[in-house]
Amino acid sequence: MRRDDSPPETRRLHLSRTFDEDAELYDRVRPGYPPELYDDLAELTGARPGARVLELGCGTGQATVPLAARGYRVTALDAGPHMAEVARRNLAHTPAAQVVTTDFESWPLPAEPYDVVLSATAFHWIDPAVRTVKAADALRPGGALAVVRTQHVRGGTEQFFVDVQRCYERFDPQTPPGLRPLAPEAVDGADHAEEVARSGRFGPTVFRRHLRDLTYATSDYLDLLRTYSGHWALPQPARDGLLNCVAALIDGTYGGRVTKRYLLELAVSPRH
């Protein structure tokens, strides 16, 4: 099976567009974020009800809905028309939130700056040459860039994530041999903090982290995998083979249920 030798920027754009292909599934199975994360956001940014929030890559509203429920005035951007349509439906009774179908790179900044620019599990899809500097341009002095990163880390049904690598190595040519989830303590946000610092537009980045275990039945776990860009981008025969292999492992060895451990990392950087 041939490896994808396309340039990284081309691959980033291609993968970022896969989410829009089944927005309803994404909305149904992608987990949101715990209330504690929004408490941290309010504490670290100082944002109070009525604050103006610009959300980058809102998806179907996993973060937008709770932000609006806390009284923030949200402008939410997403490049996927189907994702944006579902987000509007989820926010139909929330007049303080507006969903705009666009990518951040080409979106014209309004005259009035924002108090917070937030991107929840989407900042890495934005052009690295644009995202940090334009986020600063969108903020008022003293405003804050808040980036949430979600990572699968060691824990949960730990042996499953060792055993399942055989399926990935067989059906996904991009899989490094022997890949394992990192321990939570081995994950740090140094790369993000360094990127923000290089812009010269922000003060030091502060982090808050939360661990979360979610348990999935086989069919639910397969649906989750179908929303991941790397899985969706596989040729259909390889994708079907991978999912069948994963299902057989869960049902045959793990009693039809597995638990996945997530590390949610909130990084907040104040604008100079």
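The values are calculated or read from the model by the stated rules, or taken from the named source; none is laboratory data. Keep in mind the model is a prediction, meaning the values are calculated, not measured. For neighbour counting, all protein chains shown are included, and Cβ atoms are generated from backbone atoms with ideal geometry for every residue, glycine included.
With G189, G143 as the choices, which residue is closer than 25 Å to P110 by Cα and surrounded by 14 or more Cβ atoms within 10 Å (Cβ to Cβ)?
G143
Can you tell me which of D39, D5, D27 is exposed (fewer than 14 other Cβ atoms within 10 Å of the Cβ), of a type outside the set (A, V, I, L, M, F, W, C) and modelled with pLDDT of 95 or more?
D39
Can you name the condition, by its number, that E112 falls short on among (1) part of a loop (DSSP other than H, G, I, E, B); (2) within 15 Å of the chain's Cα centre (by Cα)?
(2)
Could you figure out which of (1) over 23 Å from R52 (Cβ atoms); (2) surrounded by 15 or more Cβ atoms within 10 Å (Cβ to Cβ) isn't true of P177?
Only one criterion in (1) over 23 Å from R52 (Cβ atoms); (2) surrounded by 15 or more Cβ atoms within 10 Å (Cβ to Cβ) is unmet by P177, namely (2).
Determine which single condition L234 fails, assuming it passes every other condition in (1) under 23 Å from the mean Cα position of the chain (by Cα); (2) assigned to a helix (DSSP H, G or I).
For L234, the exception is condition (2).
Which count do you get for residues in segment 66-84 that are surrounded by 17 or more Cβ atoms within 10 Å (Cβ to Cβ) and either small (G, A, S) or over 24 Å from G50 (Cβ atoms) (or both)?
The qualifying residues number 7.
Inside segment 41-95, can you point out the residues that are closer than 21 Å to V29 by Cβ and polar (S, T, N, Q)?
Residues satisfying the conditions are T60, Q62, T64, N90.
Conditions: (1) of a type in the set (S, T, N, Q); (2) part of a strand (DSSP E or B); (3) within 22 Å of G155 (Cβ to Cβ). T175 meets all but one. Number of the miss?
For T175, the exception is condition (2).
If you check every pair at least six apart or on different chains, which have Cβ atoms under 6 Å apart with a residue in segment 102-113 that is surrounded by 10 or more Cβ atoms within 10 Å (Cβ to Cβ) first and a residue that is assigned to a loop (DSSP other than H, G, I, E, B) and not polar (S, T, N, Q) second?
Hits for this filter: D103/A79; F104/I126; E105/D127; E105/V130.
Checking T94 against (1) of a type in the set (S, T, Y); (2) surrounded by fewer than 20 Cβ atoms within 10 Å (Cβ to Cβ); (3) within 17 Å of the chain's Cα centre (by Cα), which single condition isn't satisfied?
Result: T94 fails condition (3) only.
Could you list, in sequence order, all residues of segment 214-258 that are surrounded by 16 or more Cβ atoms within 10 Å (Cβ to Cβ), closer than 19 Å to R166 by Cα and of a type in the set (S, T, N, Q)?
Hit for segment 214-258 is T218, nothing else.
All but one of (1) over 18 Å from the mean Cα position of the chain (by Cα); (2) closer than 28 Å to L41 by Cα; (3) of a type in the set (A, V, I, L, M); (4) part of a helix (DSSP H, G or I) hold for V162, so report the exception by its number.
Exception for V162: condition (2).
Looking only at residues in segment 14-27 that are in a helix (DSSP H, G or I) and under 15 Å from the mean Cα position of the chain (by Cα), which one is farthest from T60 (Cα to Cα)?
Filtering first and then ranking leaves L15.
So F171 ticks every box in (1) touching a strand residue (DSSP E or B) at 6+ places or on another chain (Cβ under 9 Å); (2) on the phi < 0 side of the Ramachandran plot; (3) not basic (K, R) but one. Which box is left unticked?
(1)
Restricting to segment 183-213, and then to whatever is in a strand (DSSP E or B) and either polar (S, T, N, Q) or in contact with a Gly (Cβ under 8 Å, 6 or more places away or on another chain) (or both), can you tell me which residue is farthest from G156 (Cα to Cα)?
F207
I need the full set of residues from segment 163-215 which are polar (S, T, N, Q), out of contact with any helix residue (DSSP H, G or I) (no Cβ under 8 Å at 6 or more places or on another chain) and touching a residue at least 24 places away in the same chain (Cβ under 8 Å), in order please.
Residue satisfying the conditions is T215 alone.
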